[in-house]
Amino acid sequence: MSEETKEYIINKAQSLFYNYGIRSITMDFIASELGMSKRTLYENFKNKDALIKACLEQGRKAQERDMCDIISNSPNTIEMLARCYNRIIYYINQTSRSFQLDIKQMNSRLDNANDNYREKQFQYIRNILSKGVEEGLIRSDLDLDIVTSLHNGQIMWIHETPEYQDEVNVANTLSVYTKIFLYGIVTEKGKQILDKAYEKFSQTL
């Protein structure tokens, strides 16, 4: 089958998964929404897990492109971090709570794709913080390995703590946490830049 057909399927399925969750959407329903036969759908994706993986991969690639653009066009580390968090919160707001919970529950049978993705973030965040220290915007008296571990652990906790599963808006919680985190690690010079960044992105940050 053509790549255009696969892309069409992925785009439609991704929208359905984001809006309604994964478990509630069947391959029959996806085929119906696409206006194609189940046979055509299965010729492109052998099962639902294969389609889910393709949707998640496309989502990750889109996020990576956005992050690369932010990194390339940010004047300093503090504004870059503020813009990155702002974008992450935007992504979360585009998905339903059902989708977020389904992804958490399905990680094990999806070959831990999301967990592997998270593992790459430690060194990435560590490098950003190190650059911020060099710029004089992040405090040099902090152990960056500990800061990075605490940061990544807190992000995982927000997503995975059972008490949060039904009643807390993850995006709002992440917004509050990142603000506390950033103000806790910046220098006075960094704080001035961060104040301006929050004012600039106040509508969505």
Point to revise | Sole exception among (1) farther than 30 Å from Glu199 by Cβ; (2) outside the structural domain of Tyr198 (by TED's automatic domain parsing); (3) modelled with pLDDT under 90; (4) among the aliphatic types (A, V, I, L, M) for Met67, by number | key: (1)
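In segment 138-149, which residues are of a type outside the set (D, E, K, R) and over 18 Å from the mean Cα position of the chain (by Cα)?
Residues satisfying the conditions are Ile138, Ser140, Leu142, Leu144, Ile146, Val147.
A quick yes/no check of all residues on (1) crowded, with 16+ Cβ neighbours inside 10 Å; (2) charged (D, E, K, R); (3) in a helix (DSSP H, G or I); (4) in contact with a strand residue (DSSP E or B) (Cβ under 9 Å, 6 or more places away or on another chain):
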residue	(1), (2), (3), (4)
Ser15	no, no, yes, no
Arg23	no, yes, no, no
Ala31	yes, no, yes, no
Arg39	no, yes, yes, no
Glu43	no, yes, yes, no
Asp49	no, yes, yes, no
Study note, to complete from the structure: Lys61: passes all of (1) more than 18 Å from the chain's Cα centre (by Cα); (2) free of Cβ contacts under 8 Å to residues at least 12 places away in the same chain; (3) assigned to a helix (DSSP H, G or I) but (1)
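Per-residue answers, yes or no, for (1) within 30 Å of Lys200 (Cβ to Cβ); (2) in contact with a helix residue (DSSP H, G or I) (Cβ under 7 Å, 6 or more places away or on another chain):
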site	(1), (2)
Leu16	no, yes
Ile30	no, yes
Thr40	no, no
Lys53	no, yes
Asn86	yes, no
Ile89	yes, yes
Arg97	yes, no
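The values are calculated or read from the model by the stated rules, or taken from the named source; none is laboratory data. On a predicted model such as this, the values are computed, not experimentally measured, just so you know. Cβ sites come from the backbone with ideal geometry, for glycine too, and all protein chains shown count toward neighbours.
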